[in-house]
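The structure under discussion appears below in the form of structure tokens.
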Amino acid sequence: VPVIIVTAAINEDTAVECMKAGAVDYVIKEHIKRLGQAVVQALEQRKVQDARREAERDLRIKSFALESSGVPVCLCDLLGRIFYVNEAFRLLAGCETRDELIGKPITAFSEAKESPSESEDLRRAGMYTGAGTFMRRDGTVVDVEASGSVAVGPDGSRLCLMATFVDLSERLALERQLEQARRMESIG
């Protein structure tokens, strides 16, 4: 609750102490007409503080969710240069640190020869999904399903590109084993 001090007289030192203690304003009784304006300003200030606190909380939750996701995620500028990766992406890439990935083109990890910003699906629909390969730092290739989208600001401007990857290696290996087992069963 915003606190406004109403007093008959106040010296500058006392006013400063009141403000440090949490008062949002003070009104001297001989200027009581200013009280309404002080209340309105205090309530507006409180709304702004509450909105900022809520936005910061929302941002912390979203940041935590992105960071703790088991799905590899990277954010790129509109030219396809990486500026953020979560821990799952670092592990998929096989890098020691995330810093090794920052500034690199996302195409360095895929079979794609065009920048994500040049992708027809991204230009047309603002997103893409497809199977492909992901090249790890050590040169090994991993089968992945990649999804990408354009993050758009409130004014409709394109802010960045977000790409997520699902490692399909284990699933594809199991499917091959299952197919081999079926072939062996049909032979025998």
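The table below lists the values:
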item: Residue ID - surrounded by the fewest Cβ atoms within 10 Å (Cβ to Cβ), chosen from residues in region 62-76 that are part of a loop (DSSP other than H, G, I, E, B) and free of Cβ contacts under 8 Å to residues at least 40 places away in the same chain; result: Gly70
item: So Ser157, is it within 18 Å of Cys74 (Cβ to Cβ), open to solvent by less than 90 Å² (accessible area, probe 1.4 Å) and of a type in the set (S, T, N, Q); result: no
item: Count - residues of region 24-39 that are open to solvent by less than 90 Å² (accessible area, probe 1.4 Å) and part of a helix (DSSP H, G or I); result: 5
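The values are calculated or read from the model by the stated rules, or taken from the named source; none is laboratory data. Not measured: the values here are computed from a predicted model. Cβ: placed from backbone, ideal geometry, glycine included. Neighbour counts: every protein chain shown. Just the protein is used for accessible areas: all its heavy atoms, side chains included, with ligands, DNA and RNA removed. Shrake-Rupley method; radii C 1.70, N 1.55, O 1.52, S 1.80 Å.
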